[in-house]
Amino acid sequence: MNPVTNKTYVVNFESNNVTVIDGSDHSTTTVAAGTRPFAVAVNPVTNKIYVSNVGSAAVTVIDGSAHSTITVAAGDDPVDVGVNPVTNKIYVVNNGSADVTVITPNRVQSSPLTTTIAPLSGNTAATAVTTFSFTAASAYTPIAPPVQQIYYQVDTQTGPWLRATPDGASASGDTPPLLPGVHLLFAFATDGQVASSIDAGASSSPILGQVSAYLFLVVQSPPLADAGPDQTVLVGDTVTLDGSRSSDVDRDPLTFSWSLTRPAGSGATLSDPTAVNPTFVADLPPAKVEGGAVAAPLVEAALGARALSPLDAATWRLLVGPNTPEAEFQDLAARAPAGFVVERARPDFRALLARARLSISQAGYNTVLEVLAAGIPAVVAPFAAGSETEQSLRAGLLAERGALTVVEEATLGPETLAAAVRAALARDTGGRAPGLAGLDTSGADKMARIVRERLAIVAPR
């Protein structure tokens, strides 16, 4: 097949001819070959077709434009034939004489004015419209007039040629939009010499240089999807997605297909999955994981717990404390599985916590109070290294009152943490945890009173 001319060549062994099928209208032409044609090869650069004839020890050369033929001798019983379009050499395998015939077509007188086409990487274009660079040179002697223009065309040498820019010996030009597949680029240059014109006596034409050809493959790239910027919203807000910045380098029309991954218990649905700007209503907050300077075991457990928990479809936001070195933070961000957002501690922590579906943290004083004030389901893993008992005592007392769920540091792992998340959500009957209900939160006032009383005792009289 010649992908440039869209013609297919079929050898007919018994009828000693070749059927040419025009791919545009499926019309056929029959071209006589030698005796028992066996194989066929096509050079798309020269538009020549080579047919090996096992019965006549010859190769039939067919001109792809005029369908005229010539016969070239080969060895005995030629079977396979191959073409190198770069060197324009033909190789014929002779089964009977156990050798290979190499055919080199006669070259026509070449023009001293030549054009070089800069090759693509891998001879492959990744876009429908591709920019090519051209360089022309003249070897005319004793005087070589300067190159005036370079012209090019794709897949044909008939019809109007495109003009590369700028004028001169170095230029470039874009191809028209091309379909995926093999294409052939032609280019030639003109200089200032005067030659005979087809309109004799009225005008004259510049010398046309030798036509160069370059074979390349177009492989189109997939479109680039852009779902728009990240958004922080409240429960009940209508979220508008924005796919308008999606693009296709091949300039093909875009279609959209959105999908929504929902956390457990969510009924959110997209207004139109095929729209550029679909909407949905946020009906559940995400989960949140908080880690301080000594929370490494909890962080590692959380990375594995998400996939095992009822919140396996929710976004888990992992906040890393300020004492974590930057290298460790970057390593954690790189290792975090899909579904995690890894950030440094945020100034809007309390507002972020209030919108969370669940909190996972250690049981430090400030963190626990903020979680209780937010009134959301909470899982804590008290820090208990060495002789530390403060966090374990605080967590145990609050767990007895149903304010949170505890997973002990000694048993902490993805499975136990996921089980604690499941238990915390199971107790969350009304969407919010008990929080501060039933707890005495007047500690600051009591502490101030105690301080005043102590100062009064020790004050001098």
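No value in this document is a laboratory result; all are computed from the given coordinates. Every value quoted in this text rests on a predicted model; they were computed, and no experiment measured them. With ideal geometry, Cβ positions are generated from the backbone for all residues, glycine too; neighbour counts draw on all protein chains shown.
Before moving on, here are some points about what is shown:
- Stokes-Einstein diffusion for the range 223-284, with the hydrodynamic radius set to the Kirkwood value over Cα pairs and evaluated at 4 °C in a medium of 1.567 mPa s, equals 102 µm²/s.
- Each label was represented as a point 7 Å from its Cα along the Cα-to-Cβ direction; for T104 and E388 these points are 8.2 nm apart.
- Relative packing of peptides 113-122, 18-27 - highest average C-beta neighbours within 10 Å first: 113-122, 18-27
- Debye-formula intensities of the range 7-103, expressed as log10 I(q)/I(0) at q = 0.17, 0.21, 0.23 Å⁻¹, are -0.66, -0.98, -1.15 (one equal scatterer per alpha-carbon, no solvent).
- If the chain linking A268 and S15 were pulled fully straight, counting 0.36 nm for each residue of separation and taking away their Cα-Cα distance, it would gain 84.2 nm.
- Based on DSSP H segments of at least four residues, each scored -39500 (n - 2.57), the chain has a per-residue ellipticity at 222 nm of -5000 deg cm²/dmol.
- Each Lys or Arg adds one and each Asp or Glu takes one away; over the other residues whose Cβ falls under 13 Å from the Cβ of A58, this sums to -1.
- Note on the chain: semi-axes of the ellipsoid equivalent to its C-alpha gyration tensor, largest first and rounded to whole Å, are 80, 28, 21.
- Burial order of peptide ranges 390-403, 364-377 (average beta-carbon count within 10 Å, highest first): 364-377, 390-403
- 11 Å beta-carbon shell around P78, net charge (K/R +1, D/E -1): -3
- Under Karplus coefficients 6.51, -1.76 and 1.60, residue-wise ³J(HN,Hα) of the range 16-32 in Hz, glycine/proline x: 6, 8, 10, 9, 9, 10, 7, x, 6, 10, 6, 6, 10, 9, 9, 10, 5
- Placing R0 at 41 angstrom, the Cβ-Cβ distance between V211 and V276 gives a FRET efficiency of 0.35 after rounding to 0.05.
- Gain on full stretching of the segment that runs from R452 to Y91 - 0.36 nm per residue minus C-alpha separation: 119.4 nm
- Förster-model FRET efficiency, 41 Å R0, S170 and A227, C-beta, rounded to 0.05: 0.45
- Scattering profile of the range 287-426 at q = 0.09, 0.10 Å⁻¹ [log10 I(q)/I(0), Debye over alpha-carbon scatterers]: -0.23, -0.28
- Here the 3J(HN,Hα) profile of the range 237-246, calculated from phi with Karplus coefficients 6.51, -1.76 and 1.60 at θ = phi - 60°, is 6, 8, 9, 9, 7, 9, x, 5, 8, 5 Hz, Gly and Pro shown as x.
- A protection proxy built from the mean count of other Cβ atoms within 10 Å ranks the segments 44-53, 59-68, 447-456, most packed first, as 44-53, 59-68, 447-456.
- Chain lengthening between N323 and A399 when straightened (0.36 nm per residue, less Cα-Cα): 24.5 nm
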